[in-house]
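First comes the structure, then the notes that go with it.
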Amino acid sequence: MTLPVATLDHVVINARDDMDRAADIYRRLGFTLTERGYHSLGSMNHLAMFGTDYLELIAIPKGATSGRLDLLNYPLGLNGLVFGSEDSAITYGALANAGVPVEPPIEFTRPVKVDGKERDARFRTIRMKAGVVPYGRVYYIHHFTRDLVWRDEWRHHANGVVAVTRALIVEPDPAAGAKLYADMFGPESVRDIKGGKSVVIGNSRFDIVTEAELRAQFGEAAPDPEGRKAYMAGLTFRTVSLQKAMGALKEGKIGGVAQSAGRAVVPAQQALNAMLEFIE
């Protein structure tokens, strides 16, 4: 059975049980957020929609005693990297056949208000088994109702962002960390880079590097690992205009932004412990 083609669907910022703060920060970073949505599994979210992918803020209500309490087990920040699937049954079968440690698909819904009417967005996810990914959550998603998620009115952002182009992952042994993706997508999807490995994910990539390499590239802008040896460190976004992105960050009173030729870096402490890079 043919392995799934790697496509990035979305990335997830974990807000634990403080969604109000997370939404305020990401709006001030220049992102247009959808209305707050509530999953049938017990979590809630806001989305920042781009061309073919998106950023998700996820949390549980304060004081919740059921639902997605697992989100409280992860620190604040980037903790989800999600691949697209056009057919979750085929994807699950191919992965299981290849020996990738995945759980059976789980289906859930989220009400979405479109044109004044409430409809249910439907999804099915395929997650890695517990303990497989030491730095967060990696899974696939099958959208049954794409028209309720990708809508033009949600794609316009003050910072000009149109796509996620990179996710940065810290692993003490990048080669070992890249093996999962080689099993999922084939060894040709993994290539060598300075200080680690890079995985080609459609129009974007995941760079798996040592902490020393991350610090060499980003210095004090890097996130607090909070004692973790492996963690998701940050994201790179493509913007239609770096000037527009800088204007939005200034308007949002985001401090510590470092600008150099062709890029701007927001330190993790300003973005819920996720370092954000904007490039043209």
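The values are calculated or read from the model by the stated rules, or taken from the named source; none is laboratory data. Keep in mind it's a predicted model, so treat the numbers as computed, not measured. As a convention, Cβ positions derive from the backbone with ideal geometry for all residues, glycine included, and neighbour counts pool all protein chains shown. Surface areas here come from the heavy atoms of the whole protein model, side chains and all, with no ligands, DNA or RNA. Shrake-Rupley method; radii C 1.70, N 1.55, O 1.52, S 1.80 Å.
Just one of the listed residues (Gln270, Gln259, Gln217) is under 24 Å from Tyr54 (Cβ atoms) and not β-branched (Val, Ile, Thr), and it is Gln270.
Within the option set Arg205, Arg263, being in contact with a strand residue (DSSP E or B) (Cβ under 8 Å, 6 or more places away or on another chain), over 21 Å from Val12 (Cβ atoms) and of a type in the set (Lys, Arg) holds for one residue only, Arg263.
Remark: Gly99 matches the filter, which requires a residue to be more than 19 Å from Gly42 (Cα to Cα), open to solvent by 30 Å² or more (accessible area, probe 1.4 Å), out of contact with any strand residue (DSSP E or B) (no Cβ under 9 Å at 6 or more places or on another chain) and small (Gly, Ala, Ser).
Here the strands (runs of 3 or more DSSP E) wholly within the stretch 1-106 that include at least 3 residues being closer than 24 Å to Gln270 by Cβ and in contact with a Ser or Thr (Cβ under 8 Å, 6 or more places away or on another chain) are 44-49. Scanning the stretch 167-183 for residues that are in contact with an Asp or Glu (Cβ under 8 Å, 6 or more places away or on another chain) and open to solvent by 20 Å² or more (accessible area, probe 1.4 Å) turns up just one, Pro172.
Restricting the first member to the stretch 218-234 and to residues that are farther than 22 Å from Ala176 by Cβ, and the second to residues that are open to solvent by 20 Å² or more (accessible area, probe 1.4 Å), the beta-carbon pairs closer than 7 Å and six or more apart or on different chains are Ala221/Ala258; Asp224/Asn273. A single entry from Gly131, Gly186, Gly160 fulfils the requirement of being buried (at least 21 other Cβ atoms within 10 Å of the Cβ) and at positive phi: Gly160. Residue pairs whose Cβ atoms lie under 9 Å apart, separated by 6 or more positions or on different chains, with the first residue in the stretch 1-27 and closer than 22 Å to Arg68 by Cα and open to solvent by less than 20 Å² (accessible area, probe 1.4 Å) and the second aromatic (Phe, Trp, Tyr) and not in a loop (DSSP other than H, G, I, E, B), are Asp9/Tyr54; Asp9/Phe83; Asp9/Tyr140; His10/Tyr54; Val11/Tyr54; Ile13/Tyr26.
Taking the condition open to solvent by 20 Å² or more (accessible area, probe 1.4 Å) and either without any contact (Cβ under 8 Å) to a residue 40 or more places away in the chain or within 23 Å of Asp224 (Cβ to Cβ) (or both), does Gly67 pass? So Gly67 fits the description; yes. Those residues that are open to solvent by less than 40 Å² (accessible area, probe 1.4 Å), of a type in the set (D, E, K, R) and without any contact (Cβ under 8 Å) to a residue 40 or more places away in the chain, I need them from the stretch 197-210; list them, please. Selection gives nothing. Of the candidates Tyr38, Tyr54, the single residue that is open to solvent by less than 60 Å² (accessible area, probe 1.4 Å) and not β-branched (Val, Ile, Thr) is Tyr54.
Look at the stretch 144-157: where a residue is under 14 Å from Arg122 (Cβ atoms) and a partner is charged (D, E, K, R) and open to solvent by 20 Å² or more (accessible area, probe 1.4 Å), sitting 6+ places away or on another chain with Cβ atoms under 7 Å, you get Phe144/Arg122; Thr145/Arg122; Leu148/Arg119.
Hey, among the residues in the stretch 134-157 that are in contact with a Gly (Cβ under 9 Å, 6 or more places away or on another chain) and of a type in the set (Lys, Arg), which one's least open to solvent (accessible area, probe 1.4 Å)?
Let us first name the residues in the stretch 134-157 that are in contact with a Gly (Cβ under 9 Å, 6 or more places away or on another chain), namely 134-143, 150, 155, 157.
Add one more test, that the residue is of a type in the set (Lys, Arg), and what stays is 137, 155.
On the way: Arg137: 18, Arg155: 71 Å².
Ranking the qualifying residues of the stretch 134-157, first place goes to Arg137.
This table checks each residue for (1) within 28 Å of Asp173 (Cα to Cα); (2) within 18 Å of the chain's Cα centre (by Cα); (3) in contact (Cβ under 8 Å) with a residue 12 or more places away in the chain; (4) open to solvent by less than 20 Å² (accessible area, probe 1.4 Å).
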site: Gly195; (1), (2), (3), (4): yes, no, yes, no
site: Ala212; (1), (2), (3), (4): yes, no, yes, no
site: Phe237; (1), (2), (3), (4): yes, yes, yes, yes
site: Val240; (1), (2), (3), (4): no, no, yes, no
site: Met246; (1), (2), (3), (4): no, no, yes, no
site: Lys250; (1), (2), (3), (4): no, no, no, no
site: Ser260; (1), (2), (3), (4): no, no, no, no
